[in-house]
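K.L.:
Please see the structure below; I have some questions.
Read-outs: derived from the displayed coordinates by stated rules, not from any lab. Note that the coordinates shown come from a computational prediction; the quantities given were computed from them, not determined experimentally. Every residue, glycine as well, gets a Cβ built from its backbone with ideal geometry; the counts of neighbours run over all protein chains shown.
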Amino acid sequence: MKSLGLSRRHFVSASLPAAAGFSLSQGANSRVRVANIGCGRRGLLKELIQLKDSANIEIAAVCDTWRQKREKAAADVKEFTGKEPMSTARFADVLARPDIDAVIIGTPDHLHCAMLIDAIKAGKDVYVEKPLAMNMRELLRAYDAVKKSDRIVQIGTQMRSYPQSGGARNLIAAGELGKILKVEQVRNGYSPYWMSYGGDAYFNEKPAEADVDWRAFLGDRDARPFDPAQYQGWYGFRDFSRGPHTNLMVHFIDQVHFITPASIPRRVVALGGTYRWKNNFDAPDSVEVVLEYPEDFLVRYSTVFGTGAGNYAKWFGTRATLDARSFSPSQKWTVSGQGSNEPDRVKADYEVTPAASVHHMQDFLDSVRTRKPPIAPIEAGYAHSVAVIMADEAITTGRRMIYDPARREVKPG
C-alpha cells in the first residue's frame, strides 16, 4: 500500500528543506520513541519517516480522529519502518503509554494548548504546530505548564530553521541594515488556503460521520451535530482557526522576533473582512495588520485572497534594505542600499550568507536527547501568540490593542 501517494523511493530520496548538517548531537544513544498526533495535511509524519535513521527514532504511535487518515498513517509507518505502530483516535491513549518519549502535534489550532498541557503533565516532550494559542487564557496556562516542567518543547515555526533566517539574523546583529525602521510582508493568494490546502486528493475524500471521532475533534468547543464541512475545512472556521492573521502571519511574526531584535508588540491595529469569497466559511479572506514594537519600529502584515499578486517580505533599515523574497528556503535573500541616503549606506548589493542550520524537526529530536533548548522554544510560541491574539482582538473589536507585560494582558488602549 503506497499511502499518501508516496513511493519508497520518494521517501528515501526526498530532501528535507533548509537542512545543513544533519548529524545527531552526541548524547544518549537509546532510541527515542515518538507519536504523531494529527496525521493530515501538515505532513509531520513524512518528516519523521525521513529522519527515522539519522535521528534514531521509532514511530511508536499514530493518532487521528479520521479513520482513513489514521489507517493510512499506520500503513506508511509499517511500510517504511517495518514496524506497525499503535493506532488510535484518542490522544489520551497515547499519553497513557509510558514508553513514548515525545509527541508530535499537528492537530487543528484549537487543540494545540490543551494537548500541549496534557502531554507535559504526562511527562512527554512536545513538538507542537503553530499558532500555539488562540487566546490569552489558554496561552498563559500552556506557557506556565511548560515553564514549571523539565520538558523540551519545540514550536513548529520551521522558517526559523532556514539557513537564510540565521544569515539574516547575523547580518542585522552586525548592524548591516543600521537601525531597523519597518518590516513588511504581503502574502496574497487567489483562494484561501482553507479551500485548497491539501489539494484535490484531500478535498475529494469526504469524511463520513461513522469514520470520525467528532467529539475528540471538537475538544472544548460547543457540542454540535457532525458537520463534514467544518471537520474537513476547519482552517476557515473561527471556532477552530481565526484566519490568515493568526495562521500565515505567525510565520512572519516569528521571523521578525527571531531575525530582528524585537520582543512583543506594544500596540496593534488591524482591519479585515470577507471581500471576495463569500461562502459558509467565517474566517476573513483579507486582513491588514500594523504592529508597533517597543524597540521603536513598525511591522506590517497583509493578506488578500482574491489575487496572488504583490507578494514580498522586506526589512527596512537606515543603511540598507533586506529582501527576503517570499521566505522560500530555495530563494536567495539580498541586501541593497535601496532607499537610503545615509553616509554609511550599503553601496553594493549582496546576497545574505546562509548560516549553518539543522532541519526543524531534527533540531527538536536533538534537543530531546541533549536536553538543550530547541531553536523555537516555548518563549517563541508565547511571543508569536501574543502578537496574533492582539491582531485578532483588533479586527474583531475595531479597537487598538495594547500588551501589558507586567500583567501579561491584552486589552484596548
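K.L.:
Suppose the chain between Ser336 and Glu295 were pulled fully straight at 0.36 nm per residue; how much longer would it get relative to their current alpha carbon spacing?
P.N.:
Between Ser336 and Glu295, full extension yields 12.5 nm more.
K.L.:
For the chain, take the longest principal axis of its alpha carbons; what is the angle in degrees between that and the long axis of helix 136-147, to the nearest 10 within 0 to 90?
P.N.:
Result, in degrees: 70.
K.L.:
Next up: Could you give the angle, 0 to 90 degrees to the nearest 10, between helix 378-397's Cα long axis and the longest principal axis of the Cα atoms of the chain?
P.N.:
70
K.L.:
On to the next question. Suppose R0 equals 41 Å. What FRET efficiency, 1/(1 + (r/R0)^6) with r the Cβ-Cβ distance, do Ala96 and Ala309 give to the nearest 0.05?
P.N.:
Plugging the Cβ-Cβ distance into 1/(1 + (r/R0)^6) gives 0.20.
K.L.:
Classify region 222-345: rounded, prolate or oblate, from the alpha-carbon gyration tensor (a ≥ b ≥ c, eigenvalue square roots; a/c under 1.5 rounded; otherwise prolate if a/b is larger than b/c)?
P.N.:
Working: a/c = 2.60, a/b = 2.13, b/c = 1.23.
Prolate, since a/c reaches 1.5 and a/b exceeds b/c.
K.L.:
What Rg and what Dmax come out for the chain when only alpha-carbon atoms are used, in angstroms?
P.N.:
Values for the chain (Cα only, Rg and Dmax): 21.2, 69 Å.
K.L.:
Still on this structure: Positive end of the charge dipole of the chain (Lys, Arg +1 and Asp, Glu -1 on Cβ, about the Cα centre): tell me which of His112, Val304, Thr397 has its Cα farthest that way.
P.N.:
Farthest along the dipole direction, towards plus: His112.
K.L.:
Sticking with this structure for a sec: In region 317-360, how does Rg compare with the Kirkwood Rh, expressed as the Rg/Rh ratio over alpha carbon atoms? Mind dumping the intermediate values first?
P.N.:
Numbers: Rg = 12.5 Å, Rh = 11.7 Å.
Radius of gyration relative to Kirkwood radius: 1.07.
K.L.:
For the residues Leu44, Leu181, Leu132, what sequence is obtained by ranking on other C-beta atoms within 10 Å, fewest first? Could the numbers behind the result be given before it?
P.N.:
On the way: Leu44 21, Leu181 15, Leu132 30.
Going from sparsest to densest Cβ surroundings: Leu181, Leu44, Leu132.
K.L.:
Restricting the calculation to Cα positions, tell me the Rg (one decimal) and the Dmax (whole number) of region 255-413 in Å.
P.N.:
18.5, 55
K.L.:
Among the trypsin sites (Lys or Arg not before Pro) in region 106-173, which ones are in a DSSP loop with at most 11 other Cβ atoms within 10 Å of the Cβ? Mind listing them?
P.N.:
Numbers: sites: Lys121, Lys124, Arg137, Arg141, Lys147, Lys148, Arg151, Arg160, Arg169; in loops: Lys124, Lys148, Arg151.
Answer by residue number: Lys148.
K.L.:
Working from Cα positions, state the angle (0 to 90°, nearest 10) between the long axis of helix 163-173 and the longest principal axis of the chain.
P.N.:
30
K.L.:
Going Cα to Cα from Lys347, which aspartates and glutamates come in below 17 Å? Please leave out same-chain ones fewer than 8 positions away.
P.N.:
Here the aspartates and glutamates satisfying the reach criterion relative to Lys347 are Glu176, Asp323.
K.L.:
Can you divide the C-alpha Rg of region 143-214 by 2.2 N^0.38 Å and report the result to two decimal places?
P.N.:
The reported ratio for this selection is 1.84.
K.L.:
Calculate the dipole size of region 207-265 relative to its Cα centre from +1 charges on Lys and Arg beta carbons and -1 charges on Asp and Glu beta carbons; express the result in debye to the nearest 20.
P.N.:
Numbers: 5 positive and 8 negative charges, 48 e Å.
The calculation lands at about 240 debye.
K.L.:
Trypsin sites (Lys or Arg not before Pro), restricted to region 204-300: which are DSSP loop and have at most 15 other Cβ atoms within 10 Å?
P.N.:
Passing sites in region 204-300 are Arg221, Arg276, Lys278.
K.L.:
While we're on this one: With each pseudo-label sitting 7 Å past Cα toward Cβ, what's the Arg33-Asp349 distance in nm, one decimal?
P.N.:
Label at Arg33, label at Asp349, 5.5 nm between them.
K.L.:
Sticking with this one: Return the calculated 222 nm mean residue ellipticity for the chain, to the nearest 500 deg cm²/dmol, obtained by summing -39500 (n - 2.57) across DSSP H runs with n ≥ 4 and dividing by the residue count.
P.N.:
Mean residue ellipticity, 222 nm, calculated: -9000 deg cm²/dmol.
K.L.:
Sort Asp118, Asp150, Asp285 so that the residue with the fewest other Cβ atoms within 10 Å of its own Cβ comes first and the one with the most comes last.
P.N.:
Asp150, Asp118, Asp285
K.L.:
Continuing with the same structure: Taking the Cα centre as origin and putting +1 on Lys and Arg beta-carbons and -1 on Asp and Glu beta-carbons, what dipole magnitude results for region 277-403, to the nearest 20 debye?
P.N.:
Once rounded to the nearest 20, the dipole reads 220 debye.
K.L.:
Related question: Distance between the C-alpha centers of region 368-412 and region 279-300? Whole Å please.
P.N.:
About 14 Å separates the Cα centre of region 368-412 from the one of region 279-300.
K.L.:
Considering only Met136, Gly38, Ala324, whose Cα is most displaced toward the positive end of the charge dipole of the chain, charges sitting on Cβ of Lys, Arg (+1) and Asp, Glu (-1)?
P.N.:
The listed residue farthest towards the positive side: Ala324.
K.L.:
Based on Cβ point charges of +1 for Lys and Arg and -1 for Asp and Glu, what charge dipole magnitude is obtained for the chain about its Cα centre, in debye rounded to the nearest 20? Could the numbers behind the result be given before it?
P.N.:
On the way: 55 positive and 48 negative charges, 37 e Å.
Its charge dipole is roughly 180 debye.
K.L.:
Cα to Cα, under 19 Å, and not fewer than 8 places away if on the same chain: which lysines meet these conditions relative to Lys372?
P.N.:
Lys124, Lys147, Lys148
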